[in-house]
2 protein chains.
Amino acid sequence: MLSKNKQKLIRSLQQKKYRDRYSLFLAEGRKIVEELLQEGAEACILAGTEKWIREHSHLLSDIKVTPDLLGEKEMKSVSLMSTPQEVLAVFRKPDYSPAWETVEQSLSLALENIQDPGNLGTIIRLAEWFGIYDIFCTPGTADAYNPKAVQATMGSLFRVRVHYLPMEEVLERFPPPGPPHVYGTFPDGDCLYDTPLNYRGIIVMGNEGAGISPALLPRIHRKISIPSHPGSGLDSLNVAVSAAVVCAEFRRRQRKVNHG
Amino acid sequence: MLSKNKQKLIRSLQQKKYRDRYSLFLAEGRKIVEELLQEGAEACILAGTEKWIREHSHLLSDIKVTPDLLGEKEMKSVSLMSTPQEVLAVFRKPDYSPAWETVEQSLSLALENIQDPGNLGTIIRLAEWFGIYDIFCTPGTADAYNPKAVQATMGSLFRVRVHYLPMEEVLERFPPPGPPHVYGTFPDGDCLYDTPLNYRGIIVMGNEGAGISPALLPRIHRKISIPSHPGSGLDSLNVAVSAAVVCAEFRRRQRKVNHG
């Protein structure tokens, strides 16, 4: 049974306003909830079917709240998802500030006003795959704790640090000429494969429609672009797909240097 | 004004059953509708705000139906999207069968039971970017004409041919030892960057959760994997992101051969 207050809280977490106010967020579904519990995320509400709770006692021994047992019908009434899941949980948002010394020695991402929470979640996930642990988002970027973003991160949200800061504050840490360098993707940038890439740096990805804003141009050290195949008439690629191809190429080069 | 019958038809196209029965699909929003009209897609219903219709007469001169003028409120009542758009249209699905001689001479993709229509749409779009014009989907794969997939393709849907066929029928066209080769992504595959890649071939991508099914294993000539960065604990990458990194690497190698 979930109390009326808990139900109300869960529903309120659809809205960024309440996620910010309470510093909480909602995760639904086995995969994401189990990953976050394993990661040591602090659960404030945990509601699951009898079967799920019975089978996951090993994950529940450390949590501070009593799990709520929910029937299928109850699960449906609180779930935000079209197919209600076996488990949902409300977690406390992690709290950290940027460790600039580390950031300057590694590869990170900066996102300017990425609108789609699914794109953002996918980027957080692929960042971890490629060993990128700091993502800087402009305040106009989608919220990483939006339920859709949380779903797409699949738990990377607790291992990759997502910071919300004005882009100027971030990029002033990367004075030219570098390294560390500031890379940005542009339709008229130099071909990714012909550009020197240094694994100390930050990759700026622009908004889905508008790309990187002109105001940031003076801060970009190296403009890059992913070449399309001759004959393809497209002028743009999904932002998460672009981020993946660029991050993969940074790591491929680094690997080549290390392995000779 | 949209007649009751048209409204009913539009709503029915949320379901694959009706998209198949009528061989029609729905597209909503300026970008996708304009791209499809430019591509010469046959519109059976076109409904837009007065402003949109006034400003796009050049796109409407060739269409066979009379556009329906809709107010904001009417648009909202037929739209499937959370934010109703300025224009929506019902298009006839394109009709084609695989040109096997061309397929055997080029690079194509095969998708085994990809579930998420957004992933499918993103893959169709990135395929075009990387010059891949045939995608073979198992019948268990999401429908490319699902509104979410249509939205993510951004018009590539009329330039990339999406075929629904059992995987065995497709892969028997690629007898070992090749070329053309059958490539498949596996967690234990050979590192993508150390594997010989031939631009004549087909890349098999597996289901989001289960990967490529064991039954297909004997048909795969080369098992590849995208290396994660040392220290990353992840065991999987989003399927559209994986497809992007693999396709980009095929084209990077081909480019290198061509440019010396």
| query | Going by the structure shown, is residue A:252 at pLDDT 95 or above, surrounded by fewer than 17 Cβ atoms within 10 Å (Cβ to Cβ) and either within 12 Å of another protein chain (Cβ to nearest Cβ) or touching a Leu at 6+ places or on another chain (Cβ under 8 Å) (or both)? | reply | no
| task | Go through the range B:38-55 and give me each residue that's within 13 Å of residue B:67 (Cα to Cα) and in contact with a Leu (Cβ under 8 Å, 6 or more places away or on another chain). | result | B:43, B:44, B:45, B:46, B:47, B:48, B:49, B:50, B:53
| message | Restricting to the range A:30-45, name every residue that is buried (at least 20 other Cβ atoms within 10 Å of the Cβ) and either within 22 Å of the chain's Cα centre (by Cα) or closer than 26 Å to residue A:139 by Cα (or both). | response | A:32, A:33, A:36, A:37, A:41, A:43
| Which of the residues belonging to the range B:110-160 are within 23 Å of residue B:21 (Cβ to Cβ), touching a Gly at 6+ places or on another chain (Cβ under 9 Å) and either among the aromatic types (Phe, Trp, Tyr) or within 12 Å of chain A (Cβ to nearest Cβ) (or both)? | B:115, B:148, B:151, B:153, B:158
| message | From the list A:128, A:72, exactly one residue is within 18 Å of the chain's Cα centre (by Cα) and among the charged types (D, E, K, R). Which is it? | response | A:128
| Just checking, how many residues over the range A:1-13 are outside any helix (DSSP H, G or I) and touching a strand residue (DSSP E or B) at 6+ places or on another chain (Cβ under 8 Å)? | 3
| remark: Reported set for the range B:194-229 where residues are touching a His at 6+ places or on another chain (Cβ under 9 Å) and polar (S, T, N, Q) is B:198
| request: Having 3 or more residues that are assigned by TED's automatic domain parsing to the domain that holds residue B:123 and in contact (Cβ under 8 Å) with a residue 40 or more places away in the chain is the bar; report the strands (runs of 3 or more DSSP E) wholly within the range B:157-260 that clear it. | output: B:181-191, B:201-205, B:222-225
| Residue selected from the range B:13-33 under the condition in contact with a Leu (Cβ under 9 Å, 6 or more places away or on another chain) and free of Cβ contacts under 8 Å to residues at least 60 places away in the same chain, by the criterion nearest to residue B:83 (Cα to Cα) | B:33
| How many of the residues making up the range A:217-249 are facing chain B (nearest Cβ under 8 Å), surrounded by 22 or more Cβ atoms within 10 Å (Cβ to Cβ) and hydrophobic (A, V, I, L, M, F, W, C)? | 7
| request: Please tell me if residue B:192 is in contact with a Phe, Trp or Tyr (Cβ under 8 Å, 6 or more places away or on another chain), within 14 Å of another protein chain (Cβ to nearest Cβ) and surrounded by 16 or more Cβ atoms within 10 Å (Cβ to Cβ). | output: no
| field | Selection status of residue A:94, surrounded by 15 or more Cβ atoms within 10 Å (Cβ to Cβ) and at pLDDT below 95 | value | yes
| What residue, of A:167, A:205, is closer than 20 Å to residue A:225 by Cα, crowded, with 20+ Cβ neighbours inside 10 Å and among the hydrophobic types (A, V, I, L, M, F, W, C)? | A:205
| query | Would you say residue A:51 is surrounded by fewer than 18 Cβ atoms within 10 Å (Cβ to Cβ) and over 26 Å from the mean Cα position of the chain (by Cα)? | reply | yes
| Taking the stated definitions as given, is residue B:24 touching a Cys at 6+ places or on another chain (Cβ under 7 Å), modelled with pLDDT of 95 or more and closer than 19 Å to residue B:157 by Cα? | yes
| message | Given the criteria within 22 Å of residue B:197 (Cβ to Cβ) and not β-branched (Val, Ile, Thr), does residue B:157 qualify? | response | no
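The values are calculated or read from the model by the stated rules, or taken from the named source; none is laboratory data. The structure presented is a predicted model; accordingly, all values stated were derived computationally and were not measured. Note: ideal-geometry Cβ built from the backbone for every residue, glycine included; neighbour counts use all protein chains shown.
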